[in-house]
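Reading through the structure tokens given below for one structure.
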There are 2 protein chains.
Amino acid sequence: MSSTPQKRAVRKSPAERAAEITEAAREIALEAGLTALTLRNVAARVGVASGLVAHYQPNMDALVSSTFATIVAAETQEVAGLLSQRPGPSERLGLLVDTLLDNSRLDVTAIWVEAWTLGRRNEPLAASVREQMDAWQKVFQSVVEDGNATGAFNVSDSAAVAWQILGMVDGLNAQALVRWDGVNDRGTHLARAVEGMVGAAPGSLVAGPGS
Amino acid sequence: MSSTPQKRAVRKSPAERAAEITEAAREIALEAGLTALTLRNVAARVGVASGLVAHYQPNMDALVSSTFATIVAAETQEVAGLLSQRPGPSERLGLLVDTLLDNSRLDVTAIWVEAWTLGRRNEPLAASVREQMDAWQKVFQSVVEDGNATGAFNVSDSAAVAWQILGMVDGLNAQALVRWDGVNDRGTHLARAVEGMVGAAPGSLVAGPGS
DNA sequence: AGCATTGTTGATCGTGCGATCAACAAGAGG
DNA sequence: CCTCTTGTTGATCGCACGATCAACAATGCT
């Protein structure tokens with residue numbers, strides 16, 4: 001054991017300590033899920049008494065909710081950043097589908113799924129979930145609308161289609177969470193499905209350059 | 001209050017009592033989720049001491065797992081039954097998509113989503129989840145294969161496509177769990193997506209006769 | 001009627017949770 | 001060097017959980 005020296009924690013500025021706590025919460029959530037976000041768990045990771053965590057947070061529901069938002073918003077930003085480097089709507093939508101199914105973000109997916117059920121009993125979290133879903137939907141919708149404008153796609157209700165694609169991606173990811181074996185060609189099949197939905201020519205959604 | 005008479009429970013045969021317990025567990029899970037399946041909760045519903053529930057179950061993980069299986073298997077059977085009344089693969093696939101998105105089974109969806117995360121820490125449940133997912137996948141796969149045989153569809157890997165459709169349906173349902181408002185035309189859009197995936201003509205997947 | 005069987009109770013143990021707060025001590029300002 | 005501010009502790013409360021088990025009582029059998 002190298003990390004239970006039982007010393008008194010060094011005194012830090014409130015801003016610094018608060019940052020430590022939210023960071024510890026982020027790590028715990030990614031490793032063990034939102035359910036593992038307990039006062040004692042977070043405190044132990046920071047190396048601090050449990051009361052201190054409570055002192056920096058109004059209550060645990062709030063910490064769970066904000067931790068969810070932090071993790072998920074970071075992912076949205078990251079992927080949206082990748083998107084902007086692609087030339088046209090078809091490439092962007094292809095990259096989107098491909099990136100989101102590459103299984104490199106299963107930890108975030110697990111948090112999404114957990115949040116869906118925890119949200120039933122944690123209203124701040126539920127609000128956060130809706131907010132973050134809206135953000136994702138907007139990402140999809142703007143790509144679909146771009147494609148509509150250029151004529152690459154042909155969609156009458158781009159908002160609805162965006163919701164639909166988002167839901168499909170979420171479902172396939174959740175499935176991968178439980179059945180990590182399963183299917184390999186998920187990206188290709190989903191691309192074909194999305195092509196059908198946006199009215200694009202089959203095969204027009206190109207995947208990323210591979211990694 | 002009409003239901004806390006504090007009398008001693010009438011003595012029943014083990015089979016009967018066991019049935020009461022599993023039935024109570026089913027109801028609780030549908031109303032309040034798998035997390036609400038506690039010894040005391042189930043016991044209160046049956047009108048019995050908590051110890052008795054423990055006496056009839058090896059442990060709570062097992063009760064959670066079997067309750068999940070009961071609820072979900074019943075749904076699979078029910079929908080599979082509806083399917084058999086439809087003439088061809090296109091009608092069957094259309095009905096499948098349409099029925100699963102009609103929001104009349106959101107309670108079951110909630111249980112699915114909960115099981116996905118609880119399965120991470122409850123191995124019997126995880127096994128049950130995989131089993132029930134396989135059952136659903138088989139339902140989809142047999143429809144896809146039928147369509148392949150009649151020429152209505154054109155799919156090279158029907159198992160993969162079946163997984164894919166299942167995942168998409170699950171995702172859209174999970175979405176409806178949180179964003180019950182959202183989109184209305186889900187069935188139509190998904191139908192178009194599925195048509196793209198199975199290589200069917202656009203519009204060939206007909207919905208149910210409406211209800 | 002008496003007895004053995006067995007379904008049932010409810011108190012109890014150990015654990016973990018969120019929350020609270022008086023007491024403590026590190027560090028900055030005078 | 002002393003003092004006051006404030007970051008920090010850790011014991012404590014109330015609660016809920018799963019699990020256990022000696023004691024109890026209803027029922028059926030002889």
If the label for B:Ala15 sits 7 angstrom from Cα along the Cα-to-Cβ line, what are its distances to the same label in every other copy, in nm to one decimal, shortest first? 7.2
Please compute P(r) over all alpha-carbon pairs of the range B:74-180, binned at 10 Å starting from zero, and give each bin as a whole-number percent. 14, 44, 32, 9, 0
Would you pull out the residues with amide H under 5 Å of B:Ala200's amide H, same chain only if 5 or more places away, H placed 1.01 Å from N? B:Asn154
To the nearest 10 degrees, how steeply does helix A:123-150 sit against the main Cα axis of chain A, on a 0 to 90 scale? 30
For chain A, what's the relative contact order in percent, using C-alpha pairs closer than 8 Å and at least 6 residues apart? 21
Averaged across B:32-45, how many Cβ atoms of other chains sit within 10 Å of each residue's Cβ atom? 1
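Tell me, what is the Rg over Rh of the protein assembly as shown, with Rh the Kirkwood radius over Cα pairs?
Result for the protein assembly as shown is an Rg/Rh of 1.02.
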Cβ neighbours within 10 Å from other chains - mean over A:190-200: 6
Stretch gain in nm, segment B:Leu106-B:Ala15, where the contour uses 0.36 nm per residue and the Cα spacing is subtracted: 29.7 nm
Suppose every Lys and Arg Cβ carries +1 and every Asp and Glu Cβ carries -1, with no other charges. What dipole size does the protein assembly as shown come out with about its Cα centre, to the nearest 20 debye? 1720
Helical contribution to [θ] at 222 nm, DSSP H n ≥ 4, -39,500 (n - 2.57), averaged over chain B, rounded to 500: -23000 deg cm²/dmol
Give me the percent relative contact order of the range A:131-170, please, defined on Cα pairs under 8 angstrom at least 6 residues apart. 45
Inter-copy spacing of A:Ala127 label points, which lie 7 Å from Cα along Cα→Cβ, given in nm from shortest upward: 4.4
I need the fraction of alpha carbon pairs in chain A separated by more than 26 Å, rounded to a whole percent. 44
What are the label-to-label distances in nm, one decimal and shortest first, from B:Pro202 to the same spot in the other copies, with labels 7 Å along Cα to Cβ? 1.4
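Here, each number is a calculation from the coordinates, and none is a lab measurement. This one's a predicted model, so the numbers in the text were calculated from it and none came from an experiment. Every residue, glycine as well, gets a Cβ built from its backbone with ideal geometry; the counts of neighbours run over all protein chains shown.
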